[in-house]
1. Step by step: find N for region 114-174, compute 2.2 N^0.38 Å, then divide the Cα radius of gyration by it. What's the final number?
2. Starting from the residue with the highest accessible area, list S177, S208, S143, S30 in decreasing order, probe 1.4 Å.
3. With only alpha-carbon atoms in the gyration tensor, what are the semi-axes of the equivalent ellipsoid for region 8-87, in Å, largest first?
4. For region 44-89, what's the radius of gyration and Dmax over Cα atoms, in angstrom?
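The values are calculated or read from the model by the stated rules, or taken from the named source; none is laboratory data. What you see is a predicted model, and the numbers here were worked out from it, not measured in a lab. These accessible areas exclude ligands, DNA and RNA; they are computed on the full protein's heavy atoms, side chains included. Shrake-Rupley method; radii C 1.70, N 1.55, O 1.52, S 1.80 Å.
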Amino acid sequence: MYWIEWLSLAGICALGAMTPGPSLLIVLRSASAGLYQGLASAIAHGLGIGIYALLTALGLAVVITQTPMLFNGLQWAGALFLAYLGVQALRHAGAPQPGESQSKQVSTASLSVGKAALQGFGIAFFNPKVALFFGALFSQFVSNEQALATKISMAVLAATIDTAWYLIVALVVIYGSRRGLTTGSWRPWLQRIFGVLLIGLALRLLWSL
């Protein structure tokens, strides 16, 4: 591949990562819980994207996109996963928060770093439309004659761009939190908003299925 092709691939991957959706809500919620939660969610989401990108580059994602039972199963799992996260956000939003320090303790306890990472990875992994996206995208760049190293590099590029974007999102939220924009009385309301939006997305996906 020529450098102009790499730039084109990077640009489209960046646009795909920046498109608002369930992933953005998950990373925003994780980041509102703390620094390490936000970073873990962003990195794990990038890992999930990288796996789909690699499967697509190797031609294995065709199994997912062309197997209706598997594709629909992942869609159902993704919708239920969103609903579960929405319910959890609403439940933890109701926790008592008399002070800022205690608020952070409650938030951290309700969403550990491990849970944040699992949520970030899960929202990418249970979204088979990612395979469709990379299938359409990589079809313009992948050929049978390409070396395995080139295909792996394409997947790494997609994962890196996705991770970088959501790390920026997480850091912006964390900066706002330290400035007092997402702490105190704001935090439970943010959790409620995230919960309602996640449940709404889940219902929309279930309705479409």
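1. That works out to 1.35 for region 114-174.
2. Greatest to least solvent exposure: S208, S143, S177, S30.
3. For region 8-87, the semi-axes come out at 24, 19, 11 Å.
4. For region 44-89, the Cα-based Rg and Dmax read 12.9, 37 Å.
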